[in-house]
């Protein structure tokens, strides 16, 4: 089955294959930081069956959603890696482009949150290779073609060491101090002109990061963040 798939992929027109395999760094991304996985200490991390692997062993996810999954960085405990899910964008020009655009939009939102001290620091945008990519490349080469790039776009961010508001509530540990920190987060978002359409107890964490030793509230999911315009409604207080 895999051999047949590789054969079919190898028959793609060269121009199409080149478009699909274009590296993320060639995509216009304003001033977002882009780095290869190896430079970020992610050598050996691959993607297979909608999960990250390291040296062939599946890695446990810290969290998972429709858009992707979050993993502890295998070499840097102060960082996490968020990887786009398999169902999010197919290995074809349209699907790959949309997946890349959406991940870059989240990267831009992540940096806006970090600049507003409302989210963890964005380290870099990268790609995690598919575990079968070497095999697909070899098969395509037999037919004088270039295999599509099945890698997944990913964000590397600082890890927030702490708990979500939901976790604190379920453990009976949520206090007025935590609610005050959440209120401070909303104030920072308003000051920065950022609106959030999906803020809830499970994506707000109270904790610290490697660059911020004082506990504060962080929005850890930047997917629903947008900038305000003069006609946009104000964020919910």
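The values are calculated or read from the model by the stated rules, or taken from the named source; none is laboratory data. The shown structure was predicted, so the numbers you read here are calculated from the model rather than taken from an experiment. Please note: Cβ atoms are built from the backbone with ideal geometry, for glycine as well, and neighbour counts cover all protein chains shown.
Quick check on my filter: what residues within region 117-129 are touching a strand residue (DSSP E or B) at 6+ places or on another chain (Cβ under 6 Å) and farther than 25 Å from residue 55 by Cα? 118, 119, 120, 121, 122 - these are the residues of region 117-129 that are touching a strand residue (DSSP E or B) at 6+ places or on another chain (Cβ under 6 Å) and farther than 25 Å from residue 55 by Cα. Only residues that are assigned to a loop (DSSP other than H, G, I, E, B) and buried (at least 17 other Cβ atoms within 10 Å of the Cβ) were counted across region 65-77, and they come to 4. Among the residues of region 35-64, those identified as under 14 Å from the mean Cα position of the chain (by Cα), in contact (Cβ under 8 Å) with a residue 60 or more places away in the chain and in a strand (DSSP E or B) are 47, 52.
Does region 147-160 include one or more residues that are in a helix (DSSP H, G or I), crowded, with 19+ Cβ neighbours inside 10 Å and modelled with pLDDT of 95 or more? Checked against the condition, which is being in a helix (DSSP H, G or I), crowded, with 19+ Cβ neighbours inside 10 Å and modelled with pLDDT of 95 or more, region 147-160 yields no hits at all. As a summary of the residue check, residue 52 satisfies the conditions (1) modelled with pLDDT of 90 or more; (2) closer than 30 Å to residue 184 by Cβ; (3) buried (at least 20 other Cβ atoms within 10 Å of the Cβ) except for the one numbered (2). Taking the listed residues 193, 172, the one that is without any contact (Cβ under 8 Å) to a residue 60 or more places away in the chain, surrounded by fewer than 17 Cβ atoms within 10 Å (Cβ to Cβ) and out of contact with any strand residue (DSSP E or B) (no Cβ under 7 Å at 6 or more places or on another chain) is 172, with no other qualifying. Keeping to region 106-129, report how many residues are crowded, with 23+ Cβ neighbours inside 10 Å, part of a loop (DSSP other than H, G, I, E, B) and under 16 Å from the mean Cα position of the chain (by Cα). Total meeting the criteria: 2.
Among the residues that make up region 80-96, is at least one of them farther than 19 Å from residue 131 by Cβ, at pLDDT 90 or above, buried (at least 16 other Cβ atoms within 10 Å of the Cβ) and under 14 Å from the mean Cα position of the chain (by Cα)?
Taking every residue of region 80-96 in turn, at least one turns out to be farther than 19 Å from residue 131 by Cβ, at pLDDT 90 or above, buried (at least 16 other Cβ atoms within 10 Å of the Cβ) and under 14 Å from the mean Cα position of the chain (by Cα).
Check whether at least one residue in region 130-142 is touching a strand residue (DSSP E or B) at 6+ places or on another chain (Cβ under 8 Å), assigned by TED's automatic domain parsing to the domain that holds residue 78, within 23 Å of residue 104 (Cβ to Cβ) and surrounded by 19 or more Cβ atoms within 10 Å (Cβ to Cβ), and report yes or no. Among the residues of region 130-142, at least one is touching a strand residue (DSSP E or B) at 6+ places or on another chain (Cβ under 8 Å), assigned by TED's automatic domain parsing to the domain that holds residue 78, within 23 Å of residue 104 (Cβ to Cβ) and surrounded by 19 or more Cβ atoms within 10 Å (Cβ to Cβ), which makes the answer yes.
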